[in-house]
Amino acid sequence: MVVLCIGANVIIVRRSLAPQINHKKTATAAVCSWPFRFLRGAMGDRVYAEVICRAEDAEVFEDLGFGEQEYWKELPAGVSFLVDEEANYGHSSSLRELAERGCVFIARHDAGGDYDAARLVSDGTTFSEVDAMVHESRPCVAVNANGVVDKKQLQAVRKYWRAVARARQKLGFVDEEM
(Lines give C-alpha, C1' and ligand atoms only; values in the text may rest on other atoms or scores of the structure.)
Protein backbone atom coordinates (compact mmCIF):
# COMPACT_ATOMS: atom_id res chain seq x y z
CA MET A 1 0.00 0.00 0.00
CA VAL A 2 1.24 3.52 -0.82
CA VAL A 3 0.14 6.42 1.38
CA LEU A 4 0.37 10.02 0.16
CA CYS A 5 -0.01 12.88 2.62
CA ILE A 6 -1.04 16.16 1.02
CA GLY A 7 -1.62 18.83 3.63
CA ALA A 8 -4.43 17.54 5.82
CA ASN A 9 -5.61 15.09 3.15
CA VAL A 10 -4.41 11.51 2.96
CA ILE A 11 -4.70 9.42 -0.19
CA ILE A 12 -4.31 5.65 0.09
CA VAL A 13 -3.55 3.73 -3.09
CA ARG A 14 -3.24 -0.05 -3.44
CA ARG A 15 0.27 -1.20 -4.31
CA SER A 16 -0.99 -2.70 -7.57
CA LEU A 17 -1.55 0.88 -8.84
CA ALA A 18 1.99 1.92 -8.02
CA PRO A 19 4.81 1.13 -10.46
CA GLN A 20 6.84 -1.99 -9.76
CA ILE A 21 10.35 -1.24 -8.53
CA ASN A 22 13.17 -3.75 -8.98
CA HIS A 23 16.35 -1.79 -8.37
CA LYS A 24 17.29 -0.42 -4.93
CA LYS A 25 18.92 2.76 -6.29
CA THR A 26 15.81 3.79 -8.22
CA ALA A 27 13.35 2.82 -5.51
CA THR A 28 13.31 6.18 -3.73
CA ALA A 29 13.14 8.22 -6.92
CA ALA A 30 10.42 6.06 -8.44
CA VAL A 31 8.28 6.03 -5.30
CA CYS A 32 8.72 9.79 -4.80
CA SER A 33 8.03 10.76 -8.40
CA TRP A 34 5.08 8.39 -8.90
CA PRO A 35 2.63 10.41 -6.76
CA PHE A 36 3.40 13.56 -8.73
CA ARG A 37 2.64 11.82 -12.04
CA PHE A 38 -0.48 10.30 -10.50
CA LEU A 39 -1.71 13.74 -9.41
CA ARG A 40 -0.79 15.25 -12.81
CA GLY A 41 1.71 17.72 -11.41
CA ALA A 42 -0.76 19.26 -8.96
CA MET A 43 1.85 19.22 -6.22
CA GLY A 44 5.00 21.24 -6.28
CA ASP A 45 7.61 22.91 -4.19
CA ARG A 46 5.77 25.43 -1.98
CA VAL A 47 7.51 28.54 -0.67
CA TYR A 48 6.66 31.93 0.84
CA ALA A 49 6.26 34.68 -1.77
CA GLU A 50 5.20 38.31 -1.65
CA VAL A 51 4.45 40.97 -4.24
CA ILE A 52 3.85 44.70 -4.33
CA CYS A 53 1.68 45.69 -7.29
CA ARG A 54 -0.92 48.11 -8.54
CA ALA A 55 -4.23 47.65 -6.71
CA GLU A 56 -5.94 47.37 -10.11
CA ASP A 57 -3.78 44.29 -10.86
CA ALA A 58 -4.26 42.63 -7.45
CA GLU A 59 -6.99 40.31 -8.76
CA VAL A 60 -4.65 38.56 -11.22
CA PHE A 61 -2.19 37.92 -8.37
CA GLU A 62 -5.04 36.67 -6.17
CA ASP A 63 -5.90 34.20 -8.94
CA LEU A 64 -2.42 32.71 -8.41
CA GLY A 65 -3.04 32.28 -4.67
CA PHE A 66 -1.77 35.58 -3.27
CA GLY A 67 -3.86 37.31 -0.62
CA GLU A 68 -3.76 40.94 0.40
CA GLN A 69 -2.06 41.71 3.71
CA GLU A 70 -1.10 44.77 5.65
CA TYR A 71 2.35 46.13 4.78
CA TRP A 72 4.74 47.19 7.55
CA LYS A 73 4.58 50.82 6.42
CA GLU A 74 2.19 52.97 4.43
CA LEU A 75 2.06 52.23 0.72
CA PRO A 76 1.31 54.79 -1.99
CA ALA A 77 -2.36 55.12 -2.99
CA GLY A 78 -3.42 52.44 -5.47
CA VAL A 79 -0.69 49.96 -4.42
CA SER A 80 -1.32 46.54 -2.82
CA PHE A 81 0.88 44.16 -0.86
CA LEU A 82 0.02 40.47 -1.31
CA VAL A 83 1.44 37.27 0.16
CA ASP A 84 1.23 33.59 -0.76
CA GLU A 85 2.65 31.38 1.97
CA GLU A 86 2.48 28.31 -0.28
CA ALA A 87 3.51 29.66 -3.67
CA ASN A 88 4.07 26.80 -6.11
CA TYR A 89 7.73 27.16 -7.17
CA GLY A 90 7.55 30.77 -5.98
CA HIS A 91 5.16 31.56 -8.87
CA SER A 92 8.25 32.43 -10.95
CA SER A 93 6.80 31.33 -14.30
CA SER A 94 3.40 32.88 -13.56
CA LEU A 95 5.02 36.17 -12.58
CA ARG A 96 7.02 36.11 -15.80
CA GLU A 97 3.73 35.68 -17.73
CA LEU A 98 2.13 38.60 -15.84
CA ALA A 99 5.16 40.74 -16.70
CA GLU A 100 4.67 39.89 -20.38
CA ARG A 101 1.08 41.13 -20.02
CA GLY A 102 2.37 44.48 -18.73
CA CYS A 103 1.83 44.15 -14.97
CA VAL A 104 4.10 46.29 -12.81
CA PHE A 105 5.31 44.61 -9.61
CA ILE A 106 8.20 44.03 -7.24
CA ALA A 107 8.27 40.51 -5.79
CA ARG A 108 10.34 37.97 -3.94
CA HIS A 109 10.15 34.32 -2.98
CA ASP A 110 12.07 32.13 -0.55
CA ALA A 111 14.30 29.22 -1.54
CA GLY A 112 12.70 25.90 -2.46
CA GLY A 113 14.04 22.39 -2.60
CA ASP A 114 15.61 22.79 -6.07
CA TYR A 115 16.11 26.55 -6.42
CA ASP A 116 17.41 29.60 -4.59
CA ALA A 117 15.44 32.49 -3.20
CA ALA A 118 14.83 35.17 -5.82
CA ARG A 119 13.95 38.81 -6.31
CA LEU A 120 11.66 39.51 -9.27
CA VAL A 121 10.54 42.77 -10.84
CA SER A 122 8.54 43.99 -13.79
CA ASP A 123 8.32 47.62 -14.83
CA GLY A 124 5.62 46.76 -17.34
CA THR A 125 8.05 46.15 -20.20
CA THR A 126 11.15 44.58 -18.62
CA PHE A 127 11.14 41.48 -16.40
CA SER A 128 14.11 40.59 -14.24
CA GLU A 129 14.71 37.70 -11.84
CA VAL A 130 17.88 37.38 -9.78
CA ASP A 131 19.11 35.06 -7.03
CA ALA A 132 19.01 36.18 -3.42
CA MET A 133 19.50 34.90 0.09
CA VAL A 134 16.33 34.15 2.03
CA HIS A 135 16.62 36.86 4.71
CA GLU A 136 18.29 39.50 2.56
CA SER A 137 16.32 42.08 0.63
CA ARG A 138 19.11 42.61 -1.88
CA PRO A 139 20.05 40.19 -4.67
CA CYS A 140 23.32 38.27 -4.47
CA VAL A 141 26.09 37.77 -6.99
CA ALA A 142 28.35 34.72 -7.13
CA VAL A 143 32.07 35.08 -6.60
CA ASN A 144 34.23 32.64 -8.56
CA ALA A 145 36.94 30.55 -6.88
CA ASN A 146 39.58 33.03 -8.09
CA GLY A 147 37.84 35.83 -6.18
CA VAL A 148 36.37 37.52 -9.27
CA VAL A 149 32.68 38.40 -9.32
CA ASP A 150 30.61 36.53 -11.92
CA LYS A 151 30.16 39.17 -14.64
CA LYS A 152 26.91 37.78 -16.06
CA GLN A 153 25.27 37.73 -12.64
CA LEU A 154 26.54 41.23 -11.91
CA GLN A 155 25.01 42.47 -15.18
CA ALA A 156 21.72 40.74 -14.30
CA VAL A 157 21.68 42.45 -10.89
CA ARG A 158 22.35 45.84 -12.48
CA LYS A 159 19.45 45.23 -14.90
CA TYR A 160 17.30 44.22 -11.91
CA TRP A 161 18.05 47.43 -9.98
CA ARG A 162 17.25 49.59 -13.04
CA ALA A 163 13.92 47.77 -13.44
CA VAL A 164 13.21 48.21 -9.70
CA ALA A 165 13.77 51.96 -10.01
CA ARG A 166 11.33 52.17 -12.94
CA ALA A 167 8.75 49.93 -11.19
CA ARG A 168 9.00 51.99 -7.96
CA GLN A 169 8.38 55.14 -9.96
CA LYS A 170 5.35 53.62 -11.73
CA LEU A 171 3.98 52.35 -8.41
CA GLY A 172 4.32 55.83 -6.88
CA PHE A 173 7.11 55.29 -4.36
CA VAL A 174 8.94 58.52 -3.62
CA ASP A 175 11.11 57.67 -0.61
CA GLU A 176 14.23 55.52 -0.69
CA GLU A 177 12.97 52.61 1.43
CA MET A 178 10.04 50.29 0.62
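The values are calculated or read from the model by the stated rules, or taken from the named source; none is laboratory data. Just so it is clear, the structure is predicted and the values come from calculations on it, not from any experiment. No Cβ is skipped: glycine too gets one built from the backbone with ideal geometry, and neighbour counts run over all protein chains shown. Areas reflect the complete protein model, heavy atoms only, side chains present, ligands, DNA and RNA absent. Shrake-Rupley method; radii C 1.70, N 1.55, O 1.52, S 1.80 Å.
Within region 93-116, take every residue that is touching an Asp or Glu at 6+ places or on another chain (Cβ under 6 Å) and modelled with pLDDT under 95 and give me the one that is nearest to Arg162 (Cα to Cα). Among residues in region 93-116 that are touching an Asp or Glu at 6+ places or on another chain (Cβ under 6 Å) and modelled with pLDDT under 95, the one nearest to Arg162 (Cα to Cα) is Asp116. Of all the numbered requirements in (1) closer than 22 Å to Tyr115 by Cα; (2) open to solvent by 40 Å² or more (accessible area, probe 1.4 Å); (3) modelled with pLDDT of 95 or more, Ala55 misses one, and that requirement is (1).
For region 134-147, the criterion of being surrounded by 12 or more Cβ atoms within 10 Å (Cβ to Cβ) and touching a Leu at 6+ places or on another chain (Cβ under 7 Å) is satisfied by at least one residue. Of all residues in region 121-133, those satisfying the criterion of being on the phi < 0 side of the Ramachandran plot and either exposed (fewer than 11 other Cβ atoms within 10 Å of the Cβ) or in contact (Cβ under 8 Å) with a residue 24 or more places away in the chain (or both) are Val121, Ser122, Asp123, Thr126, Phe127, Ser128, Glu129, Val130, Ala132.
Examine region 117-130 for a residue that is of a type in the set (Ser, Thr, Tyr) and modelled with pLDDT under 95, and state whether such a residue exists. Within region 117-130, none of the residues are of a type in the set (Ser, Thr, Tyr) and modelled with pLDDT under 95.
No other residue among Arg96, Arg108, Arg162 is in contact (Cβ under 8 Å) with a residue 40 or more places away in the chain and surrounded by 11 or more Cβ atoms within 10 Å (Cβ to Cβ) apart from Arg108.
Scan region 76-87 residue by residue and report those that are crowded, with 17+ Cβ neighbours inside 10 Å and either modelled with pLDDT under 95 or of a type in the set (Ser, Thr, Tyr) (or both). Result: Ser80, Ala87.
Against the definition (modelled with pLDDT of 95 or more and on the phi > 0 side of the Ramachandran plot), how does Gly90 come out, yes or no?
Judged against the criteria, Gly90 is not a match.
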